[in-house]
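Enquirer: Below you'll find the structure I mean.
The values are calculated or read from the model by the stated rules, or taken from the named source; none is laboratory data. Given the structure is predicted, the values throughout are model-derived calculations rather than measurements. Heads up, the Cβs are rebuilt from the backbone with ideal geometry, glycines too, and the neighbour counts pull from every protein chain shown. Quick note on the areas: whole protein, heavy atoms, side chains included, nothing else; ligands and nucleic acids left out. Shrake-Rupley method; radii C 1.70, N 1.55, O 1.52, S 1.80 Å.
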Amino acid sequence: MGGSMSKPDRERSARDRLAEERRRTEARQRRRRLLVVVLGAVAAAAVVVVIVVVVVGTNGGGGPSAVKYTGPIAPATRQQDGSVAMANPGVTTPVLDVFEDFQCPACKAMEARVGGTMKKLAAEGRVKVVYRPFQLFQQDPLMSNSRRAANAAACMPADHWVKYHDKLYDEQPPEGDKGFANADLIKWAGRLGVTDPSFAACVNGAQKIGQVDQATAYAGKAGVTATPYLALNGRQLGNDALASPDALQKTIAKAGSGTPRSAGEAPGQG
């Protein structure tokens, strides 16, 4: 027994659709202005970290300084805690820790602006860059996008990691859209030459999610309160140091003789 909806039902349905669309639009606008995301309890201490993401610019935030880096890349190695260090052999200082989320628009903007400078300085032996992807978001679809991308990055062999890191930012889905599908994550890896079935199994089986959760807990322990968050020799860099390639290069040069420590040890404001 079918039949069409009554007029009151149709009007109510139309009102519901309009209300839902208005709610989505308002939520999208709020995210564009400022995303306030509360990370859940992290580590055994159940520390709650409030992450503030400021979305800058409509062109990825790169501005005129966002020139694609095409030079040499320092060797990348997977560290014991799952992070990835990009540095020439023997280079141990200064250390630049990069806390990031592949779904974070501000992180993509930062990468566009000074990511090439990090690669250049690492290739020249002037800095050791340590990438620390973690899960920032707590609401879907952003949360699931973030977790899938971070898991795939953790699955990626170190010798292809930096290029895959850049590809994930290139393919970052718009806010509010579901993205970083497993099939795409595997396809992009294949284009970089990673075709081993074990990578696909790692992505599809979310085999590195435990490592992602550990990285998220570490970010909270390190005092990460905003993204992107960069720490030089354990001290957070201010916006002035990240404003341009030249500013970052000068900041790293000044820290060249500093004594590095883990970003999780007494971070401060630099």
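Enquirer: Tell me which residues, restricted to segment 162-176, are assigned to a loop (DSSP other than H, G, I, E, B), at pLDDT 95 or above and surrounded by fewer than 18 Cβ atoms within 10 Å (Cβ to Cβ).
Expert: GLU171, PRO173
Enquirer: Something else now. Taking segment 194-239 as the search range and keeping residues that are part of a helix (DSSP H, G or I) and among the small types (Gly, Ala, Ser), which one is surrounded by the most Cβ atoms within 10 Å (Cβ to Cβ)?
Expert: Selected residue: ALA219.
Enquirer: Counting only residues that are farther than 20 Å from GLN135 by Cα and open to solvent by 10 Å² or more (accessible area, probe 1.4 Å), how many does segment 184-193 have?
Expert: The qualifying residues number 6.
Enquirer: Scanning segment 131-156 for residues that are without any contact (Cβ under 8 Å) to a residue 60 or more places away in the chain and part of a loop (DSSP other than H, G, I, E, B), which turns out most open to solvent (accessible area, probe 1.4 Å)?
Expert: The extreme case among them is ASP140.
Enquirer: Right, something else. So, in segment 103-130, of the ones that are outside any helix (DSSP H, G or I) and surrounded by 23 or more Cβ atoms within 10 Å (Cβ to Cβ), which residue ends up farthest from the chain's Cα centre (by Cα)?
Expert: Per the stated criteria, the residue is VAL127.
Enquirer: Then there's this: Anything in segment 78-102 that is more than 22 Å from SER146 (Cα to Cα), open to solvent by 10 Å² or more (accessible area, probe 1.4 Å) and either part of a strand (DSSP E or B) or touching a Leu at 6+ places or on another chain (Cβ under 6 Å) (or both)? List them, or say none.
Expert: VAL95
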